[in-house]
Structures are given as structure tokens and as C-alpha cells.
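For reference, the structure discussed in these notes is given below.
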Amino acid sequence: MRDLELKKKAVEVRRGLMEAIYAARTGHPGGSLSAADVFTYLYYEEMNVSPDTEDADQRDRFVLSKGHTAPGLYSVLASRGFFPKKDLLTLRHTGSYLQGHPDMKHTPGIDMSTGSLGQGISAAVGMALSAKLRNKDYRTYVLVGDGELQEGQVWEAAMFAASRKLDNLVVIVDNNGLQIDGRVEDVCSPYPINDKFQAFGFHTVCIDGHDFSQMRNAFHQARQIKGKPTAIIMKTVKGKGINFMERRAEWHGKAPGYEEYQLAMQELVQAEAKLCRM
């Protein structure tokens with residue numbers, strides 16, 4: 001898919017997640033928006049997944065370790081046809097299969113239930129190891145937050161992945177620089193992130209997480225690397241795509257009010273119209 005088409009899809013994903021969070025009156029827009037581009041790239045270009053073969057053993061696996069950004073994942077799954085887009089409006093409603101965090105038992109397209117930070121990457125490592133032990137070709141991708149790197153379990157999983165030479169594993173870090181309590185570096189700095197993953201035995205790539213060309217090159221590198229897992233550290237903008245949310249820690253876990261929602265959707269509609277003129 002051309003980069004322009006990916007950009008259009010990413011705007012669609014941002015619109016869907018904002019509609020879901022507004023309908024729920026609760027949720028996590030900031031990190032969902034910062035990861036919207038990589039969600040789009042993974043599900044439209046990188047991964048071998050399809051709603052028609054979601055249970056196929058050879059499908060690629062994806063784990064959203066920063067599970068609170070489920071609205072972004074749900075939006076791209078709906079866009080790809082795993083479930084109806086209208087169901088996004090049931091987010092966090094009683095009886096809905098779209099819970100506040102991913103639920104593999106009830107939500108189509110979800111490979112692992114997540115929510116407790118640090119645990120998703122361990123599950124992803126287990127999936128990658130399983131593929132190696134069973135001589136399967138599928139790849140496993142896991143998205144972690146930069147604040148999540150403060151969890152010790154992340155580094156236990158990283159150490160194990162490198163020791164088992166899991167070159168079918170790609171760890172993606174959404175480095176938007178903010179967490180619920182403020183700047184990541186002020187709360188408990190994980191920097192330099194790339195040096196830490198290298199020290200744990202990973203091949204590392206640092207990119208602009210909103211540039212599809214850089215994503216393409218990074219994921220291509222990951223496929224070429226043998227004998228070690230890859231970590232892609234994406235520099236992103238929290239709240240990307242909605243001006244008044246960008247780089248604002250307060251939008252980590254707050255739903256917009258009516259006027260804010262209208263302003264956000266207007267900005268996304270304008271962004272979509274601009275892309276259609278290109």
C-alpha cells in the first residue's frame with residue numbers, strides 16, 4: 001500500500017478511536033493516537049493477518065502490551081473488517097465485547113488479553129518461542145509503551161528473548177515521552193532506550209513513528225536480522241493528529257467533552273480532505 005493510502009487509513013483509525021472513546025465517556029486517547037500510525041502499518045502492510053483466517057496457525061501474532069490503548073487497536077481491527085465499525089460505539093458499555101483492555105476470549109482479532117503493564121511482552125516472547133519450537137514461520141509483534149519500560153518484567157522478557165535467539169520477535173516501543181504522571185524521564189527515566197535493548201542482545205532501530213517509509217525500512221531490517229530479536233524504538237507524539245491533545249499528559253486517560261470531541265473530529269475530517277487532494 002502506498003504511503004498516501006496508509007496516511008488516509010491512519011486518519012480513519014484516529015476517527016474511529018475518538019468516536020469510541022467519546023461514546024464511552026472514558027478511555028485513553030493520548031497513547032491510542034500516538035500509536036495509530038503503527039497500528040495502521042502493521043495491519044495493512046506488515047502482518048500476515050486476515051479476518052477470514054484469524055484462527056489460522058500460520059497467522060502473525062500481535063500483542064498490545066500497553067493494553068489501555070485498546071481503542072486504537074479496536075479501531076484498526078474494525079477498519080480491517082474483524083468486526084463492524086458501528087460496534088466501536090459500544091466501547092466499555094455493559095455487555096460489549098470491546099472492554100477497556102483487550103480480551104482474547106471475546107474480541108475478534110485479539111491474540112492476548114492485556115492490561116497489567118509489563119506482562120504483554122512476556123506473552124509475546126512465549127508466542128515467538130512456540131513458533132521456534134514447532135518450526136512455524138509466523139512472526140510475533142508486541143507494542144509496549146515507554147512508561148511501561150519502568151516495569152522489571154519487560155527486561156526479564158527481553159533477556160529471555162535474546163538468550164533464545166528469537167529473531168521472529170519484534171518489540172515496538174511507542175516512545176511518546178509522556179505517561180499518566182507526566183514526562184517519562186521525570187517519573188523514572190528509561191533512557192537511552194535503544195542502548196538498553198542492545199545491551200540485552202537486541203538489534204535496534206530508531207525511527208520517526210509517524211513516518212511510513214521509515215517504518216517500512218525498520219520492519220524490513222527486522223526480517224533480515226537472524227539470531228536475535230529486534231526492537232524498533234518509535235519517537236512519537238502523544239495525542240498525534242489532534243492539535244489540542246498533542247504533547248499533553250492530561251490526555252493520557254481522559255475522554256473529550258462535547259465541544260472537544262467536535263473540534264477533534266473537525267480536525268480529522270480536514271486532515272482526511274487534505275490527503276484526498278494530494
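The values are calculated or read from the model by the stated rules, or taken from the named source; none is laboratory data. Only a predicted model underlies this, so the values are computations on that prediction, with no experimental measurement involved. Note that each Cβ is placed from the backbone with ideal geometry, even for glycine, and that neighbours are counted across all protein chains shown. Only protein heavy atoms, including side chains, enter the accessible area calculation; ligands, DNA and RNA are left aside. Shrake-Rupley method; radii C 1.70, N 1.55, O 1.52, S 1.80 Å.
For the range 250-278, what are the residues that are basic (Lys, Arg) and exposed (fewer than 11 other Cβ atoms within 10 Å of the Cβ)? Walk me through how you get there before you give the answer.
First, pick out the residues of the range 250-278 that are basic (Lys, Arg): 254, 274, 277.
277 - this is the single residue of the range 250-278 that is basic (Lys, Arg) and exposed (fewer than 11 other Cβ atoms within 10 Å of the Cβ).
Give me the helices (runs of 4 or more DSSP H) completely within the range 1-101, filtered to those with at least 2 residues that are surrounded by fewer than 23 Cβ atoms within 10 Å (Cβ to Cβ), ordered by residue number. Even if it seems obvious, please write down each step before you answer.
Values: elements: 3-24, 29-34, 36-41, 70-80.
Where helices (runs of 4 or more DSSP H) fall fully within the range 1-101 and carry at least 2 residues being surrounded by fewer than 23 Cβ atoms within 10 Å (Cβ to Cβ), they are 3-24, 70-80.
Looking at the structure I just gave you, is residue 159 in a helix (DSSP H, G or I), open to solvent by less than 20 Å² (accessible area, probe 1.4 Å), touching a Phe, Trp or Tyr at 6+ places or on another chain (Cβ under 7 Å) and not acidic (Asp, Glu)? Taking the combined requirement at face value, the residue does not satisfy it. Taking the range 115-142 as the range and being of a type outside the set (Phe, Trp, Tyr), open to solvent by less than 20 Å² (accessible area, probe 1.4 Å) and either free of Cβ contacts under 8 Å to residues at least 12 places away in the same chain or at negative phi (or both) as the test, the residues that pass are 120, 121, 124, 125, 128, 131, 140, 142. If you go through the range 224-245 and keep only what is under 21 Å from the mean Cα position of the chain (by Cα), in contact (Cβ under 8 Å) with a residue 40 or more places away in the chain and either more than 20 Å from residue 10 (Cβ to Cβ) or not in a strand (DSSP E or B) (or both), you end up with 229, 230, 231, 236, 237, 238, 239, 240, 241, 242, 245. In this structure, residue 64 does not satisfy being without any contact (Cβ under 8 Å) to a residue 60 or more places away in the chain, under 21 Å from residue 145 (Cα atoms) and not hydroxyl-bearing (Ser, Thr, Tyr). Taking the numbered list (1) under 26 Å from residue 272 (Cα atoms); (2) buried (at least 17 other Cβ atoms within 10 Å of the Cβ) in turn, residue 151 passes all entries but (1). If you take the residues in the range 190-221 that are of a type in the set (A, V, I, L, M) and touching a helix residue (DSSP H, G or I) at 6+ places or on another chain (Cβ under 9 Å), which one is surrounded by the most Cβ atoms within 10 Å (Cβ to Cβ)? Looking at residues that are of a type in the set (A, V, I, L, M) and touching a helix residue (DSSP H, G or I) at 6+ places or on another chain (Cβ under 9 Å), I get 215. Look at the range 174-185: where a residue is part of a loop (DSSP other than H, G, I, E, B) and a partner is open to solvent by 20 Å² or more (accessible area, probe 1.4 Å) and of a type in the set (Lys, Arg), sitting 6+ places away or on another chain with Cβ atoms under 9 Å, you get 176/235; 176/240; 176/247; 177/183; 177/235; 177/247.
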